[in-house]
Amino acid sequence: MAELTLEQENKEIAKQYKELLRISYQTLTDEDKKLIRSAFDVAVDAHKDQRRKSGEAYVFHPIAVAKIVASEIGLDAISIASALLHDVVEDTPYTLDDIERMFGETVARIVNGLTKIAHLNKDRNISQQAENFRKMLLTLHDDVRVIIIKIADRYHNMLTMDSMPEHKQVKIASETLYIYAPLAHRIGLYNIKTHLEDLSLKYTEPNVYNDIFNKIEDTEEEQEQYIENFSDVIRKSLNKEGLSYEIKGRMKSIFSIRRKMKKQNVPFEEVYDKFAIRIIYKSDRANEKFIAWKIYSIVTDHFTPNPVRLRDWITSPKSTGYEALHITVMGPMGRWVEVQIRSERMHEIAEKGYAAHFKYKHGEQKEQGIEQWLNRLQEALESANGNAVDFVEEFKLNLYSKEIFVFTPTGDLKSLPKGATPLDFAFHIHTEVGMKTRGAKVNGKLVPLNTKLSSGDQVEIITSESAKPNQNWLDYAHTARARAKIKASLREEKKEVAEEGKEILRRKLKSQKVNLNEDVVNKMVSYFKLKTSLDLFFRVGNGAIDNQKIKDFTSSYNNAFLSFFKNKIRKSPVPEDINKDEITPKYDMLVFGAEEEKLSYKLSKCCNPIPGDNVFGFISVNDGIKVHTKTCPNAISLQSNYAYRIISAKWIDSSQEEFSADIELTGIDNLGLVNEITNRISEQLHVNMRNLNFSADGGTFKGKITLVVKNNTILNKIINNLKQINGIDKVTRI
């Protein structure tokens, strides 16, 4: 906008206000118009002395954001008023109390949410974007409109970034790609998501953007001709059926063409599915589905479809409310063309997102719709207390994932993210079902809990009162909800074992004439090179710190005590007869990927990770795997720009690692012997068996069992226990 005089500026502001009311998607009552007028007046007054970097009056920004909210997203008067006021509390003398007094509690709550987000941008902490994103999502508890207005605010900022310095443009564009575009996608604002991606590319890779932009312009005539040829072929058949429709052709977005060029490793000219054609038809609700499939049938009569590329969002709409039929067909000149078939109502929902979905619902129904949608986001929010980068990565999994639809045994349809397993399904049904999962049947067959589900599967969960989550479940679960519940359960279990361990330690120390007090606990934690008393009690509880190690400690403790009285100051030594390798520090071993493999790696210099830090691996070109902390200044850019080269990594406590051990049993064969052996191992000693093999010959038997144990103390305990069973002659480790 050219420099305006004050008078011209005021005229322009008044004109923009009228336009805002004119283009509003929802029908505005007189009450609504009054609310918007008041918000408009306050915004103009509050920002009267402010200018944007471009030199124009600042108030044009909130008006532009309100126009996006009103027209492109199609929200209600409360949202429009909140958008007009979104920067008022942040940048001007007006307070939140003023807003609540003038506009009521709802508007004040939304403005407060937006102000909180604006404040966060001022912090200069590590993993900034992730933290902002996380806190932004937490405001969803208050009102979903906070997020939607924030996306509109970011969209307008992206449209007006030319007057900013280049480094800021790149930062804001990267953040937009990483956070706001996927969020817009998840909410169902597909148009805005596409614009955000294209605008981000314009600043992050200007040469690539301009190159594709120019090529699209150069081939515009050719595209129009192609779309016309395609449409001509099917028009006759559509008219014959007496359908009322419109055919629109469009080029795919610059960002999606760029993605295809990268993925297929081809130049612009060789990306063959650059086109999308939409057939938008008129229909009442009763015949919508029937007409969609009729049009599908006509299109596929003329052009061969790619059967793998059929997407039926009419029978099972997306969680955002999106409905359409998508087919990819071989068009003229051997080019793949995506055809989207949708009614006018579906088209409105696709263009306007969730707001349009609610236009067809009223009162209580509308409220329930928003509630339902919030509950879907709740799953991701439940893991919100962890590390910020973890949170974003986990949320992104759920954002980007395409959905699958699976059936319960009674035939109910459930929506889960792609990649979900029976364990995710169990937690989706109910937390208690998840916690008690013993096994699962998919389409009637028993399957492992880490089996990936596909759309159309029928899933049945087998539960047992004695079942409980174990560490492996974290590798089997894919959704944020399931993982959060499993982690919480494992923490509880560790506390229970530690409680037991504390009592065992108290008894064992007492027999050595040592009382369990804070000083003794601290010395033991230091002696065994642990971090907390919980770790100490847990290890005693599971047998990793056995009788002998406790005795060794007490003798060193007593010696230190005596020497203290002799005024000899010396460190408590690690006794010579202890194998130093057995005293393992907590988090001393690094493992990678879902399989927890031990791979060679280097610790990166930029953040110097130390054992116990939250880390991830980055597969570098020349240096193999480089390990970074998740709070590393480079973490965000690596994770957003090179996601395909990121490998999950974690420090584990090698004393808690589980190992396989084979034992052999021989003895006299008698009825019920195998049952007694397995009962002792699993029920009494709570140890898992991986393999079991028994054979009997002439009254004797021979058996081989593979056990999963943490250390040889537990293994020896099992061997001694099994030897006491009547009929067993020998138990040996192979």
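The values are calculated or read from the model by the stated rules, or taken from the named source; none is laboratory data. Predicted, not measured: the structure shown is a model, and the values here were computed from it. Heads up, the Cβs are rebuilt from the backbone with ideal geometry, glycines too, and the neighbour counts pull from every protein chain shown.
Does region 628-637 hold any residues that are at pLDDT 80 or above and surrounded by fewer than 22 Cβ atoms within 10 Å (Cβ to Cβ), and which are they? So that I can check it myself, show each step before the final result.
Applying the first criterion (at pLDDT 80 or above) to region 628-637 yields 628-635.
Within region 628-637, Thr631, Pro633, Asn634 qualify.
Which residues, counting only those in region 600-612, are of a type outside the set (S, T, N, Q) and assigned to a loop (DSSP other than H, G, I, E, B)? Within region 600-612, Lys605, Cys606, Cys607, Pro609, Ile610, Pro611, Gly612 qualify.
Would you point out which residue out of Ile668, Ile663 is surrounded by 14 or more Cβ atoms within 10 Å (Cβ to Cβ), within 26 Å of Lys704 (Cα to Cα), touching a strand residue (DSSP E or B) at 6+ places or on another chain (Cβ under 8 Å) and modelled with pLDDT of 80 or more?
Working: Ile668 fails: surrounded by 14 or more Cβ atoms within 10 Å (Cβ to Cβ).
After applying the criteria, what remains is Ile663.
Can you tell me which residue is farthest from Asn470 (Cα to Cα) among those in region 675-710 that are outside any strand (DSSP E or B) and of a type in the set (Asp, Glu)?
Taking region 675-710 as the starting set, the residues that turn out to be outside any strand (DSSP E or B) are 675-687, 698-699, 710.
With the extra rule that they be of a type in the set (Asp, Glu), the set shrinks to 676, 683.
On the way: Glu676: 25, Glu683: 16 Å.
Out of the qualifying residues, it is Glu676.
Would you pick out the residues in region 515-547 that are more than 37 Å from the chain's Cα centre (by Cα) and part of a loop (DSSP other than H, G, I, E, B)? Once the filter is applied, which keeps residues that are more than 37 Å from the chain's Cα centre (by Cα) and part of a loop (DSSP other than H, G, I, E, B), region 515-547 yields Asn515, Leu516, Asn517, Phe528, Ile545, Asp546.
Please specify each residue of region 23-44 satisfying the condition of being in a loop (DSSP other than H, G, I, E, B) and closer than 24 Å to Asn157 by Cα. Step through it out loud before you land on a result.
First, the residues of region 23-44 that are in a loop (DSSP other than H, G, I, E, B): 23-29.
Residues satisfying the conditions are Ile23, Ser24, Tyr25.
Take the conditions (1) over 31 Å from the mean Cα position of the chain (by Cα); (2) under 24 Å from Pro417 (Cβ atoms); (3) small (Gly, Ala, Ser); Ala286 misses just one of them, which is (2). The residue of region 691-734 that is surrounded by the most Cβ atoms within 10 Å (Cβ to Cβ), among those that are at pLDDT below 80 and closer than 13 Å to Ile668 by Cα, is Ala696.
Look through His119, His167 and report the one residue that is closer than 30 Å to Leu638 by Cα, surrounded by fewer than 17 Cβ atoms within 10 Å (Cβ to Cβ) and at pLDDT below 80. Explain how you work it out, then say what you get.
On the way: His167 fails: at pLDDT below 80.
After applying the criteria, what remains is His119.
Comparison of Arg235, Arg186 shows that the only residue that is basic (Lys, Arg), under 26 Å from Arg278 (Cα atoms) and within 27 Å of the chain's Cα centre (by Cα) is Arg186. Taking the condition modelled with pLDDT of 80 or more, in contact with a strand residue (DSSP E or B) (Cβ under 9 Å, 6 or more places away or on another chain) and under 30 Å from Ile734 (Cβ atoms), does Glu657 pass? Answer is no for this residue.
For Arg250, the stated conditions hold: it is surrounded by fewer than 17 Cβ atoms within 10 Å (Cβ to Cβ), closer than 21 Å to His185 by Cα and not small (Gly, Ala, Ser). Does region 45-65 contain any residue that is in contact with a helix residue (DSSP H, G or I) (Cβ under 8 Å, 6 or more places away or on another chain), part of a helix (DSSP H, G or I), of a type in the set (Lys, Arg) and surrounded by fewer than 20 Cβ atoms within 10 Å (Cβ to Cβ)? Checked region 45-65: no residue is in contact with a helix residue (DSSP H, G or I) (Cβ under 8 Å, 6 or more places away or on another chain), part of a helix (DSSP H, G or I), of a type in the set (Lys, Arg) and surrounded by fewer than 20 Cβ atoms within 10 Å (Cβ to Cβ).
Of these, Leu75, Leu20, which one is assigned by TED's automatic domain parsing to the domain that holds Ile110, under 37 Å from the mean Cα position of the chain (by Cα), of a type outside the set (S, T, N, Q) and not in a helix (DSSP H, G or I)? Steps first, please.
On the way: Leu20 fails: not in a helix (DSSP H, G or I).
Matching residue, one of Leu75, Leu20: Leu75.
The residues in region 638-654 that are farther than 25 Å from Lys171 by Cβ and at pLDDT below 80 can be counted, and the count is 3. Of all residues in region 613-629, those that are within 22 Å of Lys531 (Cβ to Cβ) and in contact (Cβ under 8 Å) with a residue 24 or more places away in the chain have Cβ atoms under 6 Å from Cβ atoms of residues that are hydroxyl-bearing (Ser, Thr, Tyr) and buried (at least 22 other Cβ atoms within 10 Å of the Cβ), 6 or more apart or on another chain, in Asp613/Thr629; Val615/Thr629.
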